[in-house]
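One structure is given here, and the rest of the page talks about it.
The values are calculated or read from the model by the stated rules, or taken from the named source; none is laboratory data. The shown structure was predicted, so the numbers you read here are calculated from the model rather than taken from an experiment. Every residue, glycine as well, gets a Cβ built from its backbone with ideal geometry; the counts of neighbours run over all protein chains shown. Just so you know, the surface numbers come from the protein's heavy atoms only, side chains and all, with ligands and any DNA or RNA stripped out. Shrake-Rupley method; radii C 1.70, N 1.55, O 1.52, S 1.80 Å.
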Amino acid sequence: MLLGTATGQWRTIGLRLLATNMHATSNGPSPKRSLGLADVVALESSIASVDGTRGELVIRGYAIDDLARETSFEEVAYLLWHGALPGRRELRELCEYLRAERTLSPMVLDVLRLTPEDASPMAAVRTSVSALAHFDAEADDMSREANYRKAIRLTARIPTVIAAFDRIRKGKEPIAPSNAGSTAENFLYMLTGKEPGPSAKQALDAALVLHTEHGLNASTFTARVIGATLADIYSAITGAIGALKGPLHGGANIKVMQMLLEIDRSRDDPSEYVRKRLAAGERIMGFGHRVYRTIDPRAKVLRSMLEALGEEHDNHTWATYCDHLVKTMASEKGIAPNVDFYSAPVYYLLGIDPDLYTPLFVMSRITGWTAHLLEQWTNNRLIRPRASYIGPHNLRVPPITTRSGLIA
Ligand code: CMC
């Protein structure tokens, strides 16, 4: 018999199933299955709590909408890494540290110049983060202090990588990072060469806060699985970026914008568009979630940001399309939007190219990933689940001359 928790989840810390979680078969005790690890508790964490029924995300005790309204990205980064919000002095020191670490080594810029200009920006970020390790003397230093410094360096340099790649692929020179301003402000400056206005800065900053952390999602889990082998932080983050790239995870925000643009170009009725796609057995990107059974709380905040930006730009097209899609998905499938649904049109109104939306997710989630790695390494345990083997048994190896092979 399995031991359930109050929330009906199965506790399998380090993914080693407790003896009580096993039942005997002819091949010995076999663990209970949970395909896709749905509802399995793999580890304990004091970083974030996601309540899928109530639609709540709480980071280190603070509700996400409160953080988005009241704090900056840098304050949340501090909160994630240290477990408490910074005071004025701590925040000033962190911001100074981040600004001082923004510049890329010329060799990493060379890597970006060698990257094909039609490469996906997520692939460029993944390769560059891996390359950053070669120019970090502390790359393999596993002390907590060195790992914290590397978390700051990665958070400082990833925006520079994204902006530099975007400019290089457009035939422009990368713009050196500013040694002033917030992460959001400096990123928009490096992308365009112009100082962003207050509302663009503020909107991007809030979007970064919203994407910082979300419990044991696929990319964070990936980072922790790699970190739990005691591999270095760059390896863990490179893997996490790979996991985030997929369209069922962070890659969905790019697909959402492609869908909205397609609806706009084809002048299709948005509700009809959704019905046709569903009838064809397709998924609608930006909807559904493994944990939330109601609207994602981050989507709610982004929906109001979309409205405010729409007012400012006198462009209500995207909010209108979104409303139609949400209504149709609710009536056809009973599925609510997630964070990727509204972040896409918000970034579009900020003038950012759609294929940079998942890299923007990286730029923010690097803080959550690194907080999880720091937590993992305080009390490390290898993460090693098992597969339920469904292949044959007891075969004997025949001589190669008698094997027919797979190609007839
Ligand atoms: N459009 C249409 N149908 C959907 C969708 C969707 N977006 N999402 C789930 N379903 C259906 C699915 O077809 C299945 O139906 P049925 O039982 O009839 O086969 C049912 O809902 C359950 O789907 P599932 O794949 O078992 O559910 P899951 O918990 O594994 O999926 C998900 C979660 C996020 C992968 C899925 O909802 C999805 O593919 N969404 C679209 C991609 C997306 O927006 N991803 C971003 C996720 S949130 C932010 C992030 O992590 O980056």
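If the viscosity is 1.306 mPa s and the temperature 10 °C, what Stokes-Einstein diffusion coefficient in µm²/s follows for the range 231-324 when Rh is the Kirkwood radius over Cα pairs?
Working: Rh = 15.4 Å.
Here the translational diffusion coefficient equals 103 µm²/s.
Below 11 angstrom from the Cβ of Ser182, what's the summed charge of the other residues (Lys, Arg +1; Asp, Glu -1)? Let's see the in-between values first.
On the way: positive: Arg99, Lys201; negative: Glu74, Glu75, Glu185, Asp205.
Cβ neighbours under 11 Å give a net charge of -2.
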Roughly how many Å² of Val161 are accessible to a 1.4 Å probe, to the nearest 10? 0
In nm, to one decimal, how far is the Ser404 label point from the Val41 one, both placed 7 Å along Cα→Cβ? 5.2
For His324, His372, His134, write out the residues from largest to smallest accessible area, computed with a 1.4 angstrom probe and no ligands counted. His134, His324, His372
Please report the accessible area of Tyr78 (heavy atoms, 1.4 Å probe, ligands and nucleic acids excluded) in Å², nearest 10. 30
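Need the full-extension length gain, Ala279 to Glu96, defined as separation in residues times 0.36 nm minus the C-alpha distance. One decimal, nm. Don't jump to the answer; show the numbers that get you there.
Working: separation 183, 0.36 × 183 = 65.88 nm, distance 5.31 nm.
Extra length available between Ala279 and Glu96 comes to 60.6 nm.
Remind me, what semi-axes does the range 121-171 give for its equivalent ellipsoid, largest first in whole Å, using sqrt of 5 times each Cα gyration tensor eigenvalue? Please list the in-between numbers first.
Values: eigenvalues 120, 21, 11 Å².
They are 24, 10, 8 Å, listed from largest to smallest.
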Return the whole-Å distance between the Cα centroid of the range 234-251 and the Cα centroid of the range 104-159. 14
For the range 157-221, what does the alpha-carbon gyration tensor say about shape, rounded, prolate or oblate, given a ≥ b ≥ c as the root eigenvalues, a/c under 1.5 as rounded, and a/b over b/c as prolate? oblate
Accessible-area order for Cys95, Cys322, largest to smallest, probe 1.4 angstrom, reads Cys95, Cys322
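Magnitude of the Cβ-charge dipole of the chain, K/R +1 and D/E -1, about the Cα centre, nearest 20 debye?
Numbers: 47 positive and 45 negative charges, 337 e Å.
My answer is approximately 1620 debye.
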When each pair of different Cα atoms in the range 232-282 is counted once in the 1/r mean, what is the Kirkwood radius in angstroms, to one decimal? 12.9
Got a sec? Charge dipole of the chain, +1 on Cβ for Lys and Arg, -1 for Asp and Glu; which of His249, Leu395, Ala236 is way out at the positive end? Leu395
Cα-based Rg/(2.2 N^0.38 Å) for the chain, rounded to two decimals, is 1.06
Considering only the other residues whose Cβ falls under 14 Å of the Cβ of Met257, what net charge follows from Lys and Arg at +1 and Asp and Glu at -1? -3
Can you sort Ile407, Ile400 by 1.4 Å-probe accessible area, starting with the largest? Ile407, Ile400
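Nothing charged except the Cβ atoms of Lys and Arg (+1) and of Asp and Glu (-1): what's the magnitude of the dipole of the range 302-408 about its Cα centre? Round to the nearest 20 debye. Before the final figure, lay out each step's value.
Details: 9 positive and 10 negative charges, 265 e Å.
With only Lys, Arg, Asp and Glu charged at Cβ, the dipole is about 1280 debye.
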Checked against the positive end of the charge dipole of the range 61-209 (+1 on Cβ of Lys and Arg, -1 on Cβ of Asp and Glu, about the Cα centre), the farthest of Cys95, Gly83, Asn186 is Asn186
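What is the projected area of the convex hull of the Cα atoms of the range 187-251, averaged over all directions, in nm²? Each step should come with its number before you reach the end.
Details: hull surface 22.1 nm².
Hull-based average projected area comes out at 5.5 nm².
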